[in-house]
Amino acid sequence: MAKQITGHYTFDVFDSINNLNSEDQNLLTAAIKAINNAYAPYSNFYVGVAVLLENGKIITGNNQENAAYPSGLCAERVAIFYASSQYPGIKIKSIAVSANSKKYNINYPIAPCGSCRQAISEYEVKMDSPIRLIMFGESGEIYISPSISNLLPLMFSSKNLSE
Ligand code: THU
């Protein structure tokens, strides 16, 4: 029998936005609002993200699609890259994600894609401070992850590039 490594992850699960603490409620509300500016004419899948910085500032973003499909960018990366470009060195405390679709009701939490998890992890490692992730669809439960590493076992980071 080969040796095994087993990990585990934990999310806090909430039934409603009303059950979140006021800071998280506020951030998720900003993410839901940010959906309105999403540009997603190809997928009709609209994503809004809000990033809370340690200085209290909230940065929002949304997905931006392109006729050359891979040239578009997810809401999470639009928001965190903008946050880092405007407030380099300020820690990111939490990120809220929400989504809706013209085609169906998203009644479960949307988790960031692998590329976005990797992109967000860069700032978690750089700042040496966990980034909380609040995940929501347009109705249903809300999941909260205490960190990005919780969603990305064996993640690749700058630590792998130092001797
Ligand atoms: N998308 C996001 O913006 N964030 C996610 O977490 C998942 C996917 C976008 C990319 C694309 O514009 C559309 O949703 C469908 O994949």
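The values are calculated or read from the model by the stated rules, or taken from the named source; none is laboratory data. This one's a predicted model, so the numbers in the text were calculated from it and none came from an experiment. Every residue, glycine among them, receives a Cβ derived from its backbone with ideal geometry; neighbour counts consider all protein chains shown. Note: areas computed on protein heavy atoms with side chains; ligands, DNA, RNA excluded. Shrake-Rupley method; radii C 1.70, N 1.55, O 1.52, S 1.80 Å.
With respect to Ile106, determine if the residue is within 16 Å of the ligand (Cβ to nearest atom), more than 15 Å from the chain's Cα centre (by Cα) and among the aliphatic types (A, V, I, L, M).
Yes, satisfied.
Return the total of residues in the range 1-59 being farther than 21 Å from Ser145 by Cα, surrounded by 12 or more Cβ atoms within 10 Å (Cβ to Cβ) and over 16 Å from the mean Cα position of the chain (by Cα).
Count: 5.
Just give me the residues in the range 35-49 being within 12 Å of the ligand (Cβ to nearest atom) and in contact with a strand residue (DSSP E or B) (Cβ under 7 Å, 6 or more places away or on another chain), in sequence order. Lay out the reasoning, then the answer.
In the first step, residues of the range 35-49 are kept if they are within 12 Å of the ligand (Cβ to nearest atom); the result is 35, 38-49.
Of everything in the range 35-49, those that are within 12 Å of the ligand (Cβ to nearest atom) and in contact with a strand residue (DSSP E or B) (Cβ under 7 Å, 6 or more places away or on another chain) turn out to be Ile35, Ala38, Tyr39, Ala40, Asn44, Phe45, Tyr46, Val47, Gly48, Val49.
Would you check if there is a residue in the range 7-25 being of a type in the set (D, E, K, R), under 24 Å from Lys102 (Cβ atoms) and touching a residue at least 24 places away in the same chain (Cβ under 8 Å)?
no
Please enumerate the residues belonging to the range 129-150 that are part of a loop (DSSP other than H, G, I, E, B), open to solvent by less than 60 Å² (accessible area, probe 1.4 Å) and in contact with a Lys or Arg (Cβ under 9 Å, 6 or more places away or on another chain).
Those that are part of a loop (DSSP other than H, G, I, E, B), open to solvent by less than 60 Å² (accessible area, probe 1.4 Å) and in contact with a Lys or Arg (Cβ under 9 Å, 6 or more places away or on another chain): Ser129, Ile131, Ser147, Ile148.
List every residue pair whose Cβ atoms lie under 9 Å apart, where the two residues are 6 or more positions apart in sequence or sit on different chains, the first residue falls within the range 117-128 and is of a type in the set (D, E, K, R), and the second residue, located anywhere, is surrounded by fewer than 16 Cβ atoms within 10 Å (Cβ to Cβ) and assigned to a helix (DSSP H, G or I).
Taking only residues 6 or more apart or on different chains, the pairs are Glu122/Ser158; Lys126/Ser158.
Can you tell me how many residues in the range 50-78 are within 16 Å of the ligand (Cβ to nearest atom) and touching a residue at least 40 places away in the same chain (Cβ under 8 Å)?
Final tally of qualifying residues: 6.
Regarding the range 133-155, can at least one residue be identified that is more than 17 Å from the chain's Cα centre (by Cα) and closer than 26 Å to Thr6 by Cβ?
Scanning the range 133-155, I find at least one residue that is more than 17 Å from the chain's Cα centre (by Cα) and closer than 26 Å to Thr6 by Cβ, so the answer is yes.
Tally time: how many residues in the range 79-103 are part of a helix (DSSP H, G or I) and more than 16 Å from the ligand (Cβ to nearest atom)?
Counting residues in the range 79-103 that are part of a helix (DSSP H, G or I) and more than 16 Å from the ligand (Cβ to nearest atom) gives 3.
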